[in-house]
Amino acid sequence: MTSPNRNLNIEFTKLFINNEWSPSTDGKVFPTFNPANEEKICDVSEASQDDVDKAVKAADTAFKRNSPWRSMDASGRGKILGRVADIMEQQKGELASIETLNTGKPYLDAVQDVEFTIDVYRYHGCLADKLSGKTIQVDGPYFSYTRPEPVGVCALILPWNYPLSIFAWKVGPALACGNTVVVKPSELSPLTALCQAAAFAEAGLPAGVLNVVNGYGPTTGAALATHPLVRKVAFTGSTATGKKVMTMAAEGTLKKLTLELGGKSPLVVFPDANLESAAISCHNSIMINSGQNCCAGSRVFVHTDIYDEFVEKAVACAQNRVVGDPFDSLSANGSLISEMQMKKVLAYIEKGKAEGAKLKCGGERIGDKGFFVQPTVFSGVTDDMTIAKEEIFGPVQSILKFTDIEDVLDRCNNTDYGLAAGVFTSDVNNATYMAHNLKGGTTWVNCADIITHQTPFGGFKGSGFGKELGEDAMKEYCDMKTITIQVINKNS
Ligand code: TXE
């Protein structure tokens, strides 16, 4: 087991462009914090519009015909991703410690994030030389086939909740397919993106193929999303910002787009479910990462026959959940990412109380240093309440009641979101009927929040479009070309 390191020497804080570390052209920096104690960790270079332009041009040059990257065999690209995974394996404790420091998430969760990241690089590395098209029987004297080709320069805009792994969710398939990338990490958690850039350089990635520009959304992020040389934007964040990014991607040069946005994912518990196990799964689904999780089970619909018993179990789980120093191995939750996020969550809790939901436990900030919030459970939640409609992104479980399967399906699907959903039952017909009719990009049966590097992940409706992870992620980073060749019979 790796051990945490609290006394880190933060080595990478500049912009990573063309395999070089450079300060921003105007010398600007911004501070990055440890949300668990509110102390500044270090300053990070802030990319100006000129820096973004430099990074995109470096990526564009690296993508030119006959460049070292474009000339490399697909298996060579795969080997580089494999080497990055090996390097990260060696640095697991260090990377997890930096992630914990910069996000406030428990160290043991951060270790799992590093492991997931490594799996993603290995998986997409192995897929690099398995991209294929089809040969197609066509009418006439022609031979047709399809050929997946890399799109070009990809702008990858990242959130702060899983900075390490979501970097890999996008960079892994983008590079496996032969694209070049410019990554903008969240301004709240840039440090492990920079560490991964260093790992790619060490692994022998040609200059310009991967660039990282730190900065804020409306400036650095917008400069990247609107840059005319960018061919594809992949974004994870809020629906509101996702819509802006979609507009930007449509202006100027039309760009391909993947959006992974938020959710208000329903979990439905039937009376024939294993109640203990369902209660634990539902609890973990909303509490993990302090609820800052796009596919969190934030609406739990429980059948009226088992409602009170389920609520009792949910409250016991929440009361037993240890919140504290993220470097302490006993802590299941650390701090939230920022004061703003904490205030947003506390405001939703107040709204829940004001609108008549029953606060069963939690509901308060813990301490006055760091952004810790008590695991909170509301019962008696109804569909019209704000806490049942909007994404809270905090450790707040809302439990609703249902009696009828058709009615609960309608209620689950009556949301602008469609990222994930789940059902708990021992009846296979119920399970299948629910799984087929719930509108969520990922639907779980007798489990929740299970995401693997092999399975595609992505939402419907306001939760965005396009898939990450699994083989499907590769398609998002390719243009499929059709090639048709006239076949002349020289003897006729
Ligand atoms: O997200 P934003 P924020 C949800 C969650 C959270 C809320 C707000 O509910 O409380 O969003 O979080 C960049 N042009 N999710 O404000 O604004 C920004 O710099 C280009 C769900 O952090 O969406 C960051 O890199 N880029 C989500 C990224 O977008 C812009 C994970 C996300 O920021 C930009 C995170 C602009 N105009 C939050 N404005 C999930 N799906 O898991 C911002 N950015």
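Computed from the coordinates by the stated procedures, all read-outs in this text should not be read as laboratory data. None of the values given here were measured: they were computed from a predicted structure. Ideal geometry is used to build each Cβ from the backbone, glycine not excepted, and the neighbour counts take in all protein chains shown.
The table below lists the values:
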| read-out | value |
| --- | --- |
| On Cα atoms only, tilt of 307-320 relative to the major axis of the chain in degrees | 70 |
| The chain shape via C-alpha gyration tensor axes, a/c threshold 1.5 | oblate |
| Cβ-Cβ FRET estimate between residue 86 and residue 37, R0 fixed at 25 Å, reported to 0.05 | 0.15 |
| Reachable lysines from residue 57, criterion Cα separation under 17 angstrom, eight or more residues apart if same chain | 184, 232, 255 |
| Beta bridges by DSSP in the chain, antiparallel share as percent, to the nearest 5 | 45 |
| HN-Hα J in Hz across region 213-218 - Karplus 6.51, -1.76, 1.60, θ = phi - 60°, x for Gly and Pro | 10, 7, x, 8, x, x |
| Relative contact order of the chain, defined on C-alpha pairs under 8 angstrom at six or more residues apart (%) | 18 |
| Stretchable slack from residue 145 to residue 50, in nm (0.36 nm times residue separation minus alpha-carbon distance) | 30.1 nm |
| Peptides 457-466, 139-148 ordered by average Cβ neighbours within 10 Å, highest first | 457-466, 139-148 |
| Helix-derived mean residue ellipticity, 222 nm - over the chain, DSSP H n ≥ 4, -39500 (n - 2.57), to 500 | -11000 deg cm²/dmol |
| By average C-beta atoms within 10 angstrom, highest first, the peptides 401-407, 44-50 | 44-50, 401-407 |
| Interchain or long-range residues, amide H under 5 Å from residue 233's placed H | 155, 256, 257, 258 |
| Per residue convex hull volume, Cα atoms of region 266-445, in Å³ | 106 |
| Label zone at residue 277, where the point sits 7 Å out along the Cα-to-Cβ direction: region 397-433 residues whose backbone N lies under 15 Å | 423-428, 431 |
| Other-chain or far-sequence residues with amide H under 5 Å of residue 444's (modelled H) | 421, 422, 423 |
| Euclidean distance between Cα centres, region 236-315 to region 424-450, Å | 14 |
